[in-house]
Amino acid sequence: MKIATASSTEENTKSAIAECYSSLHEQLGRAPSLLMAYYSDTHDSAEMSRLLRASAGEEVQVHGASSCLGAMTETGFHSKEGVGVSLWAIDDPEGDYGTGAAVIGDDPEGAAVEALEMALERSNRIGGVPTLVWINGAPGREEALIAGIESVIGADVPIAGGSSGDNTVTGNWSQIANGEQWSDAVVVSVLFPSTQISYAFHSGYDPTDTTGIVTRCEGRTLMEIDGRPAAEVYNEWTEGAITEMLPEGGNVLALTTLFPLGRVVGEVGGLPDYKLSHPDGVTADGGLTLFSNLEEGETLTLMQGTIDSLVSRAGRVTEAAVEAGDFKSEQLIGGLAIYCAGCMLTVQPKMDEVSGYIREALNDQPFVGVFTFGEQGCFIANDNAHGNLMISIVAFSNQPI
């Protein structure tokens, strides 16, 4: 079993894929079992999907999605003026892998089921329970996608991945699988590796002592905290971070990245573990729009982060993933990483440091890191979840299952 990566900042899609796939093939010595591609929206997704299929052949499972500005690997941050593509491949003759996809439309749960069943069929493991489900979908209905997958294989299988990103937050994201491409689909891969994996899902933020109760909400719109307009309360909590947007509303994405809202999802070592929601807009009536669903009665905690914490925490989450496994760091062979695009944009000049911390925690083994508009992962307590401003890590070892 072997993992390899390759990257290019070449603008021409054909040249970039030729360069990357040639490198992968040289590293692996043959076609991989599963090939993943993460690329900036400057690349044509239809051409990307077609070229990957032609390069790898029809027997190779191909899974991919657009990623904000590009991607990162163990060799650094791969984006030049917003252009980049990174490939990740695993060669595992004794394992089984399958990739499926379906248009989300107005039935996200049904789409997730369809994509999962297609992936299981292509893995030749229909009815089997995979070791890991890796997912990339269009942003907006992530909780329903997770629910759909769990309706088939249960809640004990870890689900990890992230929502497709673009460079300008204008909906120019895409998903690709096995020669096809979409803008509103979910791509699901099932992994039955021949060796052990481990995982972690966390953020780069710390809780404050400031809390409140969701007293009115609808889906991803938070209207009231403690019976008062949510935007007004949040502005007080953050000492005026969104004051200018209160009168008429507007986009606050860049103003709230260091101050997300957290909800406790369990405990690790006696300390609470949080999943985060990122406020992205103020509504005309004083509500907050978010990138994840809320429920009335939930307790919200104001979280806080710094540039330094967002840079270093990716390495710590990777260390946690490795520590959760029944293997040693010298037995690692690679990994997969999801890093929130909002965090990436906030610390962009330091992204080589971020990739360096992950590489160090993975004992210098290859990985790909994707910059997403929503993160999916499995907490230590085995709860699959969708959150914002999160880090999701999967570590692969050489230890047999």
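Some points to look at:
- Residue check for LEU294: in contact with a strand residue (DSSP E or B) (Cβ under 6 Å, 6 or more places away or on another chain), part of a loop (DSSP other than H, G, I, E, B), closer than 26 Å to PHE371 by Cα and at pLDDT 95 or above: yes
- Qualifying residue in segment 132-143 (condition: touching a residue at least 60 places away in the same chain (Cβ under 8 Å), surrounded by fewer than 23 Cβ atoms within 10 Å (Cβ to Cβ), within 18 Å of the chain's Cα centre (by Cα) and within 12 Å of GLY98 (Cα to Cα)): yes
- Top-ranked residue of segment 210-235 - restricted to ones that are part of a strand (DSSP E or B), among the charged types (D, E, K, R) and more than 28 Å from the chain's Cα centre (by Cα), ranked as surrounded by the most Cβ atoms within 10 Å (Cβ to Cβ): GLU224
- Only residues that are buried (at least 18 other Cβ atoms within 10 Å of the Cβ) and assigned to a loop (DSSP other than H, G, I, E, B) were counted across segment 256-282, and they come to 5.
- Looking only at residues of segment 297-307 that are part of a strand (DSSP E or B) and over 22 Å from the mean Cα position of the chain (by Cα), we find that the one that is farthest from ASN235 (Cα to Cα) is THR299.
- ASN384, sole failed condition from (1) more than 20 Å from ALA65 (Cα to Cα); (2) out of contact with any Cys (no Cβ under 9 Å at 6 or more places or on another chain): (2)
- In segment 238-252, the residues that are surrounded by fewer than 16 Cβ atoms within 10 Å (Cβ to Cβ) and touching a Gly at 6+ places or on another chain (Cβ under 9 Å): GLU244, GLY250, ASN251
- GLU239 fulfils the conditions (1) out of contact with any Leu (no Cβ under 7 Å at 6 or more places or on another chain); (2) outside any loop (DSSP other than H, G, I, E, B); (3) modelled with pLDDT of 95 or more; (4) not hydroxyl-bearing (Ser, Thr, Tyr) except for a single criterion, (2).
- So LEU35, is it under 26 Å from PRO193 (Cβ atoms) and part of a strand (DSSP E or B): yes
- Exactly one residue out of GLY325, GLY377, GLY315, GLY334 is more than 20 Å from LEU69 (Cβ to Cβ) and either under 11 Å from the mean Cα position of the chain (by Cα) or not assigned by TED's automatic domain parsing to the domain that holds LEU132 (or both): that is GLY377.
- Qualifying residue in segment 144-163 (condition: in contact with a helix residue (DSSP H, G or I) (Cβ under 8 Å, 6 or more places away or on another chain), part of a strand (DSSP E or B) and buried (at least 24 other Cβ atoms within 10 Å of the Cβ)): yes
- In this structure, GLU81 does satisfy being surrounded by fewer than 19 Cβ atoms within 10 Å (Cβ to Cβ), out of contact with any Gly (no Cβ under 8 Å at 6 or more places or on another chain) and acidic (Asp, Glu).
The values are calculated or read from the model by the stated rules, or taken from the named source; none is laboratory data. Being a predicted model, the structure only gives us computed values, none of them experimental. A quick note on method: Cβ atoms are made from the backbone with ideal geometry, for glycine too, and the neighbour counts reach across all protein chains shown.
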